[in-house]
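Q: Take this structure, written in structure tokens, and hold onto it; I'll ask about it next.
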Protein chains: 2
Amino acid sequence: MKAQPAFRRAEPDTRRLSLIAACARVLAREGASGASVRAIALEGGVSPGLVGHYFGGIDALVSATYAHVEVQVSDALDVAVAAAGADPRARLEAFVTASFAPPVASGELLATWIAFWSLVRSREDIAAQHARQYAASRARLEVLLAECGLPEPRLRRAAIAITALVDGLWLELCLSPEAFSPAEAGAIARAALDALLG
Amino acid sequence: MKAQPAFRRAEPDTRRLSLIAACARVLAREGASGASVRAIALEGGVSPGLVGHYFGGIDALVSATYAHVEVQVSDALDVAVAAAGADPRARLEAFVTASFAPPVASGELLATWIAFWSLVRSREDIAAQHARQYAASRARLEVLLAECGLPEPRLRRAAIAITALVDGLWLELCLSPEAFSPAEAGAIARAALDALLG
DNA sequence: TCGCTTGTTGAACATTCGTATAACAAGTGG
DNA sequence: CCACTTGTTATACGAATGTTCAACAAGCGA
């Protein structure tokens, strides 16, 4: 009788993704302080050494997890925008509305953001990653705003404003869901769009 | 020759405050992950045991530090509002403008906020503290808005909106100061007030 | 079937963590 | 000047941290 394999090899990218997913789950369940190499390896059904093998350190894994989750969030927003049809204003409103509904606004995602933010000030490469992702997210919003007819000179500030408003509402929604509802957050953001677009 | 005292006794409240100040300094310098009992005790010129003696645990010290810093921030905003004179609109604008200048907006404060936020989801008492402080901060803004003539039914949402906008701008300002300037953040917030108050 | 590459393991490493606690001493009231 | 209270120290403890590395074996090509 042949013993079944003690472990299974995986494509590097597959394994990397499964570790990222495990990291995200641990962050969601245990919070930023519970995301240790061992806990993540256990969650991924893998030995602790693999984390170092693929990412070299826990910071890089957290950074990769943030990048991955950000892409998921970004995709979810894109889907919502696409589902809104062709009307520019409807697309913009779909964007902000989706920002306050799962899977974008979710307390479980908060720990990933917090773990990432806590690295921004001390690690220059992670600060650069944050700046890059922030710029990308703002640029996408600028496109939606431009399609609504907002003139180019006002685009930058408008995008900064809407991004900040949405982020602030999102953060508070994750931190204390009782303060106000996702629907109320959506209404507030849409009112801001009204004011901005006239 | 009499050896000088090996240590100095302090009033409980004095010592508590000095530990809170030491915690804030360590958070500012080392970030959330560097704020260990030992590092804080060393910073405060005190033995590690005292942290447990006064606060019972590191979480309670972080929570107390957050509360203390929040009061400082709140006081700084009050000073700015008072300095603006009697005109309600000027007072409101002073409030948002001060939110983007030191000592309120400062990368060094960010770590304190992050350390506190990371406790909100896992500890019920800290979630309650956050909800309480958020409500207080929103209530103060509601007063300023009411003085500008905003009718009562619109107060709640307006305060939520301005708080979220200011928090979002503040956060991004602390995370990546190159994205936009404090002056630009202030202009954005004042424009939002324009839109809100007509 | 054999050998080779390399993904993977699991233990060991030196630190560091938070907390508990016994001994010490500063300051106060007598 | 002497207790007595208690703020404070210093150490010790077990657990957990991130990282390293030699050994192992899975899967592929020959």
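Q: Return yes when B:ALA191 is over 26 Å from B:VAL37 (Cα atoms), in contact with a Ser or Thr (Cβ under 7 Å, 6 or more places away or on another chain), at the interface with another protein chain (Cβ under 10 Å from one of its Cβ atoms) and among the small types (Gly, Ala, Ser) and no when it is not. Break it down into steps so the answer makes sense when it comes.
A: Values: over 26 Å from B:VAL37 (Cα atoms): yes; in contact with a Ser or Thr (Cβ under 7 Å, 6 or more places away or on another chain): no; at the interface with another protein chain (Cβ under 10 Å from one of its Cβ atoms): yes; among the small types (Gly, Ala, Ser): yes.
When the stated conditions are applied, B:ALA191 does not pass them.
Q: Turning to a different aspect of this structure: Restricting to helices (runs of 4 or more DSSP H) lying wholly in region B:100-198: which have 1 or more residues that are touching a Cys at 6+ places or on another chain (Cβ under 9 Å) and more than 21 Å from A:GLY186 (Cα to Cα)?
A: B:107-120
Q: Restricting to region A:50-59, count the residues that are more than 19 Å from A:GLN129 (Cα to Cα) and open to solvent by 50 Å² or more (accessible area, probe 1.4 Å).
A: Result for region A:50-59: 1.
Q: Moving on to the next point. Find the residue count for region A:5-24, including only residues that are of a type in the set (Lys, Arg) and either open to solvent by less than 40 Å² (accessible area, probe 1.4 Å) or more than 20 Å from A:ILE58 (Cα to Cα) (or both). Steps first, please.
A: Step one: list which residues in region A:5-24 are of a type in the set (Lys, Arg), which gives A:8-9, A:15-16.
The next check asks that each one be either open to solvent by less than 40 Å² (accessible area, probe 1.4 Å) or more than 20 Å from A:ILE58 (Cα to Cα) (or both); those that pass are A:8-9.
Qualifying residue count, region A:5-24: 2.
Q: Okay, moving on. Return the residues of region B:93-117 that are charged (D, E, K, R) and either open to solvent by less than 20 Å² (accessible area, probe 1.4 Å) or at pLDDT below 95 (or both); say none if nothing qualifies. Explain how you work it out, then say what you get.
A: Here is the first cut: in region B:93-117, the ones charged (D, E, K, R) are B:93, B:108.
The answer is B:GLU108, and nothing else.
Q: Return the total of residues in region A:97-115 being away from chain B (no Cβ under 12 Å) and over 10 Å from the mean Cα position of the chain (by Cα). Write out each step before concluding.
A: Residues of region A:97-115 that are away from chain B (no Cβ under 12 Å), as a first pass: A:97-98, A:101-105.
From what's left, over 10 Å from the mean Cα position of the chain (by Cα): A:97-98, A:101-102.
The qualifying residues number 4.
Q: Checking the conditions here, which among A:VAL81, A:VAL62, A:VAL69, A:VAL73 is open to solvent by less than 50 Å² (accessible area, probe 1.4 Å) and either aromatic (Phe, Trp, Tyr) or within 12 Å of DNA strand D (Cβ to nearest atom) (or both)? Lay out the reasoning, then the answer.
A: Working: A:VAL81 fails: either aromatic (Phe, Trp, Tyr) or within 12 Å of DNA strand D (Cβ to nearest atom) (or both); A:VAL69 fails: either aromatic (Phe, Trp, Tyr) or within 12 Å of DNA strand D (Cβ to nearest atom) (or both); A:VAL73 fails: either aromatic (Phe, Trp, Tyr) or within 12 Å of DNA strand D (Cβ to nearest atom) (or both).
The conditions single out A:VAL62.
Q: Which pairs turn up if I take residues in region B:65-93 that are among the acidic types (Asp, Glu) and look for partners that are in a helix (DSSP H, G or I) and surrounded by fewer than 16 Cβ atoms within 10 Å (Cβ to Cβ) with beta carbon separation below 8 Å, at least 6 apart in sequence or on another chain?
A: That search, which allows pairs on different chains as well, returns B:GLU93/B:ARG190.
Q: Go through region B:26-38 and count every residue that is more than 10 Å from chain A (Cβ to nearest Cβ), within 14 Å of DNA strand D (Cβ to nearest atom) and either farther than 21 Å from A:ASP59 by Cα or crowded, with 19+ Cβ neighbours inside 10 Å (or both).
A: 2
Q: If you don't mind, another one. Being within 7 Å of chain B (Cβ to nearest Cβ) and out of contact with any Ser or Thr (no Cβ under 8 Å at 6 or more places or on another chain) is the filter here, so list the residues in region A:155-168 that pass it.
A: Matches in region A:155-168: A:ARG157, A:ILE160, A:ALA161, A:ALA164, A:LEU165, A:ASP167.
Q: Checking the condition farther than 15 Å from A:VAL81 by Cβ and open to solvent by 20 Å² or more (accessible area, probe 1.4 Å), which residue from A:ALA131, A:ALA164 passes?
A: Values: A:ALA164 fails: open to solvent by 20 Å² or more (accessible area, probe 1.4 Å).
Residue meeting the stated conditions: A:ALA131.
Q: Still on this structure: Looking at (1) among the basic types (Lys, Arg); (2) out of contact with any Pro (no Cβ under 6 Å at 6 or more places or on another chain); (3) within 11 Å of DNA strand C (Cβ to nearest atom), which is the only condition B:ARG16 fails?
A: The single condition B:ARG16 does not satisfy is (3).
For (1) closer than 18 Å to A:PRO102 by Cα; (2) among the hydroxyl-bearing types (Ser, Thr, Tyr); (3) more than 11 Å from the chain's Cα centre (by Cα); (4) within 16 Å of DNA strand C (Cβ to nearest atom), each residue gets a yes or a no:
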residue	(1), (2), (3), (4)
A:LEU27	yes, no, yes, no
A:GLY31	no, no, yes, yes
A:ARG38	no, no, yes, yes
A:ALA41	no, no, yes, yes
A:LEU50	no, no, yes, yes
A:GLY56	no, no, yes, yes
A:VAL62	no, no, yes, no
A:VAL71	yes, no, no, no
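Q: Right, something else. In region A:1-27, what residues are of a type in the set (Gly, Ala, Ser) and at pLDDT 95 or above?
A: Correct list: A:SER18, A:ALA21, A:ALA22, A:ALA24.
The values are calculated or read from the model by the stated rules, or taken from the named source; none is laboratory data. As the structure is a computational prediction, the values presented were derived from the model and not from experiment. For neighbour counting, all protein chains shown are included, and Cβ atoms are generated from backbone atoms with ideal geometry for every residue, glycine included. Just so you know, the surface numbers come from the protein's heavy atoms only, side chains and all, with ligands and any DNA or RNA stripped out. Shrake-Rupley method; radii C 1.70, N 1.55, O 1.52, S 1.80 Å.
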